[in-house]
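Participant: Quick one: the structure is below, questions incoming.
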Amino acid sequence: MKHWRIDDVAWDRFDAAKVDRELVPLVKAAAMVERNGTDYAVYLNRVFADDPDFRQAADYWADEEVQHGDALGRWAMLADPGWDYSAAFARYRAGYKLPLEATASVRGSRTGELIARCMVETGTSSYYSALAEATQEPVLKQICKNIAADEFRHYKLFYDHMRRYLKRENIGLARRLRIALGRIGESEDDELAFAWHCGNQAEGRRFVRSDCTAAYMARAMRFYRFRHVERGVGMVLKAVGVKPRGRIGGMAAKFAWRLLQWRRRRYLRQLGGMPGAGAAVAAQAAE
Ligand SMILES: [Fe+2]
Ligand SMILES: [Fe+2]
């Protein structure tokens with residue numbers, strides 16, 4: 001059962017004057033990745049072929065992810081009436097393929113697969129919490145709050161199944177940590193960069209991954225506050241089996257916050273060297 005529906009969103013409250021133009025391209029790119037949830041469910045159904053409970057949960061989960069994409073896509077078309085969500089997603093789908101033929105997890109174990117899913121949900125729950133707080137536009141605020149609540153529930157879903165598999169597969173702490181950090185690192189990989197490309201760049205333009213990553217990340221990182229990073233780090237630690245509170249948690253949160261600032265500055269520098277990025281860089285540099 002979904003916890004909310006697209007029709008529950010108060011679309012008539014949309015206020016064009018309150019749209020932060022820097023947020024629109026982020027929403028377009030996020031819509032692509034979210035909408036692709038169905039393919040992830042196909043992959044998860046294959047990896048967990050003999051686990052009907054998890055397979056059913058994965059199908060419900062995918063329905064919610066698709067709804068995230070549809071809600072974000074619809075909002076982006078209100079904010080930019082010239083944008084075509086379906087056409088952008090068709091481009092994304094044609095160019096970005098998951099390993100749908102896999103019969104085992106690309107993470108080496110089911111526990112590893114579920115830890116990786118926890119990392120994704122950690123990232124999305126933090127991201128939509130940050131966007132919900134940052135935007136003044138009431139419809140986007142409502143959508144992002146709804147999505148963030150779903151993402152926290154998704155984390156718990158994958159975490160609970162992960163604990164079940166961990167008892168069986170007994171993967172060591174070092175390996176769990178490696179899988180978690182590996183998946184976090186992939187957030188700067190093709191999935192988001194290509195979503196940026198399909199959501200925001202003209203058809204026919206060549207896809208340059210590093211440029212798209214910089215364009216996406218420099219903008220996205222602007223919206224995080226320390227509390228989002230702190231909570232996210234706590235969720236990462238919990239998923240790998242380290243107590244999230246206490247000294248290690250505090251140090252890890254501070255380190256992650258500094259790392260985020262450092263990477264953001266690096267992306268901003270890269271973005272500054274790209275054509276057409278002047279306004280974005282100037283707006284951020286002024287903060
Ligand atoms: Fe989502
Ligand atoms: Fe999710």
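The values are calculated or read from the model by the stated rules, or taken from the named source; none is laboratory data. Here the structure is a predicted model, which is why all the values come from computation and not from measurement. Quick reminder, even Gly has a Cβ in these numbers, built from the backbone with ideal geometry, and neighbours come from all protein chains shown. All accessible areas refer to the heavy atoms of the entire protein, side chains included, with ligands and DNA or RNA removed. Shrake-Rupley method; radii C 1.70, N 1.55, O 1.52, S 1.80 Å.
Participant: Mean 1/r over all different Cα pairs, inverted: what Kirkwood radius does the chain give, in Å?
Facilitator: By the Kirkwood definition, the hydrodynamic radius is 19.6 Å.
Participant: Viscosity 1.567 mPa s, temperature 4 °C: Stokes-Einstein D of region 151-207 from its Kirkwood Cα radius, in µm² per second?
Facilitator: 91
Participant: Helix 85-95 versus the longest principal axis of the chain: what angle, 0 to 90°, nearest 10, using Cα atoms?
Facilitator: 50
Participant: I'd like the accessible area for Glu203: 1.4 Å probe, protein heavy atoms, all chains in place, Å² to the nearest 10.
Facilitator: About 150 Å², rounded to the nearest 10.
Participant: Separate question: With the other protein chains left in place, how much accessible area per residue, in square angstrom, belongs to region 44-187 at a 1.4 angstrom probe?
Facilitator: 43
Participant: On C-alpha positions alone, give me the angle between the axis of helix 138-169 and the longest principal axis of the chain, in degrees, nearest 10.
Facilitator: Here the helix axis deviates by roughly 20 degrees.
Participant: Under the rule of -39500 (n - 2.57) per DSSP H run of 4 or more residues, summed and divided by the residues of the chain, what mean residue ellipticity at 222 nm is obtained, to the nearest 500 deg cm²/dmol?
Facilitator: Working: 12 runs with 204 residues, N = 287.
Value at 222 nm, helices only, nearest 500: -24000 deg cm²/dmol.
Participant: Next question, about the same structure. What percentage of the solvent-accessible surface of the chain, computed with a 1.4 Å probe over protein heavy atoms, is contributed by carbon and sulfur atoms?
Facilitator: Taking all protein chains in place, the chain shows 54 percent carbon and sulfur surface.
Participant: For Cα pairs less than 8 Å apart in space and 6+ apart in sequence, what is the mean separation divided by the residue count of region 1-139, i.e. the relative contact order in percent? Can you show the working numbers first?
Facilitator: Details: 123 pairs, mean separation 51.8, N = 139.
Over region 1-139, the number comes to 37 percent.
Participant: When only C-alpha pairs under 8 Å and at least 6 residues apart count, what is the relative contact order of region 141-285, in percent?
Facilitator: Relative contact order of region 141-285: 22 percent.
Participant: Of the peptides 145-154, 10-19, how do they stack up when ordered by the mean number of other Cβ atoms within 10 Å, highest first?
Facilitator: Output ranking for 145-154, 10-19: 145-154, 10-19.
Participant: Report the FRET efficiency, 1/(1 + (r/R0)^6), for Ile248 and Lys167, where r is their Cβ-Cβ distance and R0 is 25 Å, rounded to 0.05.
Facilitator: About 0.60, to the nearest 0.05.
Participant: I'd like to compare 84-92, 246-254: which one has the highest average count of other Cβ atoms within 10 Å, and what's the full order after that?
Facilitator: 84-92, 246-254
Participant: Roughly how many debye, to the nearest 20, is the charge dipole of region 1-130 about its Cα centre, given +1 on each Lys and Arg Cβ, -1 on each Asp and Glu Cβ, and no other charges?
Facilitator: So the dipole magnitude of region 1-130 works out to roughly 340 debye.
Participant: I'd like the orientation of helix 226-240 relative to the chain: the angle between its Cα long axis and the longest Cα principal axis, in ° from 0 to 90, rounded to 10.
Facilitator: With rounding to tens, the tilt is 30 degrees.
Participant: Dipole size in debye (nearest 20) for the chain around its Cα centre, Lys and Arg Cβ +1, Asp and Glu Cβ -1?
Facilitator: Magnitude of the dipole: close to 1520 debye.
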